[in-house]
Amino acid sequence: MLMTKIKIATAILLTVVVAGTSMRAVAQASVVGPLAANGVRSGSAPRSTGAADPVSEGNPKLKTRGPSPASAEDLPAICRKMGVIKDRLKRASGGKQTQKLQKEVVVRLDEMIHELENREKKTPKMEDVLAELKLIRAMQNRINVRTAAWSNQYKGEQVPPPETIKDPKERQQFETIRQELKELAARQEKVATVTDALAKAKD
């Protein structure tokens, strides 16, 4: 019953994240532009390059490191890191340090997925856990991509406080970016909640 509820919650959250991505793309179009006067990078936000997914194509690093147990202790640790990411995004800090943490979460999820996929014998529960991990990984990756996109519009780790910007147009642009990062923080919290539920279901 708990696993079924997790599946439903994960599916709903994934739908929200996918829909939100399209809405964010529209908002982004009004933000992107030359902001060099205040140290903001101009140009469009980064897009997916279509590189092979380490889950589907196989990550050489994962193969050389060997399998690591997908233990119940892994997910709580991932949840804690997601909490740190959420707090940083809430403070409008979407720079390299935040993105480093986000990438670490995805790498650990990839390791767990890789380990489960390569087990010779899988129980129905393990198959369910594997499917949930892949959904969580997809949701986390979407948050990572949007974080990188918005952080490309300013320099540094944190969005400059709007009150420090004299130009009204640029001030509005910074306020928009800060709001978008806060919304990503809310999504990150929801993904952490689903991950925590999965961790408890594994116990």
>> Can you confirm whether Thr193 is of a type in the set (Ser, Thr, Tyr), modelled with pLDDT under 95 and surrounded by fewer than 21 Cβ atoms within 10 Å (Cβ to Cβ)?
In response: no
> In this structure, is Lys103 of a type outside the set (Asp, Glu) and not in a helix (DSSP H, G or I)?
Replying inline: no
> Can you spot a residue in region 151-159 that is in a helix (DSSP H, G or I) and in contact with a helix residue (DSSP H, G or I) (Cβ under 9 Å, 6 or more places away or on another chain)?
Replying inline: yes
> What residue, of Arg171, Arg142, Arg137, Arg187, is basic (Lys, Arg) and more than 18 Å from Lys81 (Cβ to Cβ)?
Replying inline: Arg171
> Which residue, of Ala51, Ala72, is in contact with a Lys or Arg (Cβ under 9 Å, 6 or more places away or on another chain), modelled with pLDDT under 95, surrounded by fewer than 18 Cβ atoms within 10 Å (Cβ to Cβ) and not in a helix (DSSP H, G or I)?
Replying inline: Ala72
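Residues checked against (1) part of a helix (DSSP H, G or I); (2) at pLDDT 95 or above:
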site	(1), (2)
Met139	yes, yes
Ile143	yes, yes
Lys166	no, no
Gln173	yes, no
Arg187	yes, yes
>> I need every pair where a residue in region 82-101 that is at positive phi has its Cβ under 6 Å from the Cβ of a residue that is assigned to a helix (DSSP H, G or I), sequence separation at least 6 or different chains.
In response: Ala92/Arg178; Ala92/Leu181
>> Asp110 - would you say it is at pLDDT 95 or above, of a type outside the set (A, V, I, L, M) and within 21 Å of Arg80 (Cα to Cα)?
In response: yes
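The values are calculated or read from the model by the stated rules, or taken from the named source; none is laboratory data. Computed from a predicted model, the values in this text were never measured in an experiment. Glycine gets a Cβ as well: all are built from the backbone with ideal geometry, and neighbour counts include every protein chain shown.
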